[in-house]
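Enquirer: Quick one: the structure is below, and I'll ask about it shortly.
The values are calculated or read from the model by the stated rules, or taken from the named source; none is laboratory data. Fair warning: this is a prediction, and the values are worked out from it, not measured in the lab. Here the Cβ is made from the backbone with ideal geometry for all residues, glycine too, and neighbour counts use every protein chain on show. Just the protein is used for accessible areas: all its heavy atoms, side chains included, with ligands, DNA and RNA removed. Shrake-Rupley method; radii C 1.70, N 1.55, O 1.52, S 1.80 Å.
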Amino acid sequence: MQWFYQIPGVEALDTAESFFTFFDVDYDAARLKPCCLPVLRDFHQRLRDNVPLQNHLEAEPRGPWLLARRLLTESYQLHTHGSQT
């Protein structure tokens, strides 16, 4: 997960909302509030499971940011769509 902490600005994120703002992920605050801990826990697990390849990161300077953004979006969708049923 070291690659994630090398993204400039990540160390300043301290709330669920700050992660969504930083990674420019659309979210509904009312839907996020009751499940923010499961979303962030899932996001953390996805970060650990998805180690990007170094050569891929060199090809796209924003590669780590884009990967983290996708993983956060997936975590949010999993937990908010699951809470609708």
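Enquirer: Specify the angular offset, from 0 to 90 degrees and rounded to the nearest 10, of the alpha carbon long axis of helix 36-49 from the longest principal axis of the alpha carbons in the chain.
Expert: Relative to the chain, helix 36-49 is tipped by roughly 30 degrees.
Enquirer: Just the number please: accessible area per residue for the chain, 1.4 Å probe, all protein chains included, in Å².
Expert: 65 Å²
Enquirer: Arrange the residues Thr21, Thr73 by how much accessible surface each exposes, largest first, with a 1.4 angstrom probe.
Expert: From most exposed to least exposed: Thr21, Thr73.
Enquirer: Which net charge results for the neighbourhood of Asp24, defined as the other residues with beta-carbon distances under 12 angstrom from its beta-carbon, given Lys and Arg at +1 and Asp and Glu at -1? Don't skip to the answer; put the middle values down first.
Expert: Details: positive: Arg62, Arg69, Arg70; negative: Asp26.
Spelling it out: positives minus negatives among the neighbours equals +2.
Enquirer: OK, next. I'd like the carbon and sulfur percentage of the solvent accessible area for the chain, probe radius 1.4 Å, heavy atoms only, ligands and nucleic acids excluded.
Expert: Values: 2920 of 5550 Å².
Roughly 53 percent, rounded to a whole number.
Enquirer: Shifting gears a bit: Can you pull the accessible area of Asp42 for me, 1.4 Å probe, Å² to the nearest 10?
Expert: Approximately 40 Å² for this residue.
Enquirer: Roughly how many Å² of Phe43 are accessible to a 1.4 Å probe, to the nearest 10?
Expert: Accessible surface of Phe43 is approximately 10 Å².
Enquirer: Continuing with this model, one more query. Above 17 Å lies some portion of the pair distances; for the chain, what is it as a whole percent of all C-alpha pairs?
Expert: In whole percent, the share of Cα-Cα pairs in the chain beyond 17 Å is 45.
Enquirer: Could you order Arg46, Arg69, Arg41 by accessible surface area, starting with the largest, using a probe radius of 1.4 Å?
Expert: Arg41, Arg69, Arg46
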